[in-house]
Amino acid sequence: MLRRPHGDNTPPGRPARRDRWHNPVMPNRGIELGLARPGEAAAIAAMSRDLVEAGLGWTYRTPRMSALIGDAAVTVLVARDDARPVGFAIMRFGDERARLILLAVQPAWRRVGIARRMLHWLADSAAAAGTASIHVELRAGNTAAHDLYEAAGFSETFRVPGYYQGREAAVRMVRVLRAPGVVVPAWQPPAG
């Protein structure tokens, strides 16, 4: 029988995870979240290539990142340490649905809550915009991302075999923010 490591909050009935780890030495207090700047497109593209698209071919190159940064329907959020990008998340907003396109954090900055902070920032923005749901696709073998999204309230909807260039399955997940089709009243300033 596996014993749960100290601080493991794995739900009962699910095997304890021995790879859960938090680095208390690297707090993320100095990490600032903000919208991407046009000059950061190359750094974001390189992180996408190295951290998200590894082994699949590089499709989110600098020009594409620049276009996403300039797209009014897209939010490109960057986590910065002393003005240096160490993580990013990209989400496209629609009337009812938002799609989390990419999310990555440099390996040296993982397990300190940066991805969680970016995800909460985007989810709060989507909720404020009246979005009904957030959708994301991830590699089936990416258990760390799966756990992150699950902890943030996402549920797995289904798996798509061979989604990534016919070689790797995708997991689709969704987080429901409100019932679809419900009209959210426009914000009004308080009376008085």
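Structure summary
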{"read-out": "FRET efficiency, residue 188 to residue 150 (Cβ-Cβ, R0 35 Å, nearest 0.05)", "value": "0.45"}
{"read-out": "Sequence of 66, 125 once ranked by neighbouring C-beta atoms within 10 Å, starting from the fewest", "value": "125, 66"}
{"read-out": "Stretch gain in nm, segment residue 97-residue 125, where the contour uses 0.36 nm per residue and the Cα spacing is subtracted", "value": "8.8 nm"}
{"read-out": "Ratio Rg/Rh, restricted to the stretch 31-135 and using Cα atoms, in which Rh is the Kirkwood radius", "value": "0.95"}
{"read-out": "Pairwise label distance in nanometres, residue 46 with residue 142, each label 7 Å out on the Cα-Cβ vector", "value": "2.0 nm"}
{"read-out": "Size descriptor, Kirkwood hydrodynamic radius, that averages inverse alpha-carbon separations across the stretch 96-192, Å", "value": "14.9 Å"}
{"read-out": "Rg(Cα)/(2.2 N^0.38 Å) for the stretch 42-87, N = residue count", "value": "1.16"}
{"read-out": "Contact order normalised by residue count of the stretch 31-135, Cα under 8 Å, 6+ apart, percent", "value": "25 percent"}
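Read the figures in this text as sums done on the coordinates, not as results from a lab. A quick note: this is a predicted structure, and the numbers were derived from the prediction, not measured. Here Cβ is always computed from backbone atoms with ideal geometry, including for glycine, and neighbour counts include all displayed protein chains.
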